[in-house]
1. Looking at (1) surrounded by fewer than 16 Cβ atoms within 10 Å (Cβ to Cβ); (2) of a type in the set (Gly, Ala, Ser); (3) modelled with pLDDT under 95; (4) closer than 18 Å to Ala339 by Cβ, find the lone condition where Ser191 falls short.
2. Consider region 100-113. How many of its residues are in contact (Cβ under 8 Å) with a residue 40 or more places away in the chain and over 14 Å from the mean Cα position of the chain (by Cα)?
3. All but one of (1) surrounded by 14 or more Cβ atoms within 10 Å (Cβ to Cβ); (2) touching a residue at least 40 places away in the same chain (Cβ under 8 Å) hold for Asn269; state the number of the condition that does not hold.
4. Please enumerate the residues belonging to region 273-314 that are loosely packed, with under 14 Cβ neighbours inside 10 Å and polar (S, T, N, Q).
5. Being more than 16 Å from the chain's Cα centre (by Cα) and crowded, with 16+ Cβ neighbours inside 10 Å is the filter here; which residues of region 169-184 pass it?
6. If you go through region 60-97, how many residues are among the acidic types (Asp, Glu) and within 17 Å of His31 (Cβ to Cβ)?
7. Got a sec? Which of Arg277, Arg241 is more than 22 Å from Asp147 (Cα to Cα) and of a type outside the set (Gly, Ala, Ser)?
8. Only one of Ala116, Ala67, Ala79 is more than 22 Å from the chain's Cα centre (by Cα) and either more than 15 Å from the ligand (Cβ to nearest atom) or modelled with pLDDT of 95 or more (or both). Can you tell me which?
Amino acid sequence: MTNSSVTGGTTASTATIRCGVIGVGRMGRHHARICTQVEGADLIGVVDASEARRNDMVEQYGCGGFATVDALIAAGVDACVIATPTVTHRAVVEQLLRAGVHCLVEKPLAPDEVEAAAMADAAARCSAVLQVGHVVRFDPVMVAIRDIPALTPRFVEIDRVSPMTFRSVDVGVVLDMMIHDLDLLIMLMGSEPEEIHANAVSVLGDAEDVCNARLVFPAGKDGIRCTANVTASRLALKTERKIRIISEDTYVSADFGERRGTVVRKAVNAEQLADIRARFKGGEDLSSLNYLELVKVDALEVGKGEPLKLQLESFLTSIRTGGKPFVDAQAGFAAVRTAQRIVECARRAGARMV
Ligand SMILES: NC(=O)c1ccc[n+]([C@@H]2O[C@H](COP(=O)([O-])OP(=O)(O)OC[C@H]3O[C@@H](n4cnc5c(N)ncnc54)[C@H](O)[C@@H]3O)[C@@H](O)[C@H]2O)c1
């Protein structure tokens, strides 16, 4: 790679990683800012088809502004964040990987599973890192949920709804919004769903604007299957990002927007539960009891940090150590494939989409 300090997919742990951002629209401008804020990253330049947008970044950050990816590669970059429209991801990423540049590509990895598979293959053939921007994994709320020991979900409910923003309407709500939750579910369950039921409504364009899917995941070691009920809408009258996980031993409820959540643990409430069971058995009328006063509810310990920043730091660590990225191309592919299965399922159920 031209002027690169990267060799064989790894970079000395102390070396500054020279970064670029391709596409500085709604998301890319945040990535450019983050590249100037994360220790060990140096924003070399941005690429955008729009001269006004790249000049805006040049003025703000004093970086280079380039009209083509080739020009940025020639300027010397080790790693790039790709935040161009999804239909362009494959061409841009493959060009960068061929040049040995590590890539963090926005979600969804690709508009369909064929392109996503081709990108995963391209990543497997080269030594550069390809990470997919499923940033919700780095949300402190999700980090807190991931940290809950032995969480074996039986039933999950996720709602991700917001009013229409009139952006990203080139893809449906499943690829645009629900994909975040599909990645979370596949990560939590360790596999893609084996059964899908879905329905969708398309109001403003050709693609679906509202979708509900019921996903059944393969049985775990205990032989029990988990069911997830996921809803995404871009036609809601409010913004809501909520998750509820019911597992054998723990109930978790969290609000990503409010950055808080609650946890109810069976073990912590063992005494109260044993007492209630005994009184039930004895035929006692417990209707005057207040359940909320009986159970001990803990707050989910949510840390701090900007998800995009934590995501870039994780990407840079993979580059430095040569380790597998936390969200690799296979994960990006699995989310796209599941999204596509949901849309096909909704179509079979009679939803009118192109
Ligand atoms: N992680 C998230 O929460 C999140 C949120 C929104 C969007 N996204 C994703 O980010 C990506 C970009 O979405 P957006 O809303 O920022 O789009 P956008 O339209 O606001 O920005 C895209 C930018 O890319 C530029 N561009 C287009 N084609 C290009 C090319 N070939 N080379 C260089 N520049 C090019 C455009 O001029 C524009 O400035 C999409 O994949 C989208 O799904 C992710």
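The values are calculated or read from the model by the stated rules, or taken from the named source; none is laboratory data. Everything numeric here is computed off the predicted structure, so don't read it as measured data. In this analysis, Cβ positions are derived from the backbone assuming ideal geometry, glycine residues included, and neighbour counts consider all displayed protein chains.
1. The single condition Ser191 does not satisfy is (3).
2. 6
3. So Asn269 meets the others, but not (2).
4. Hits for region 273-314 are Ser287, Ser288, Asn290.
5. Val169, Val171, Gly172
6. Qualifying residue count for the region: 1.
7. Arg277
8. Within the list Ala116, Ala67, Ala79, the selection yields Ala67.
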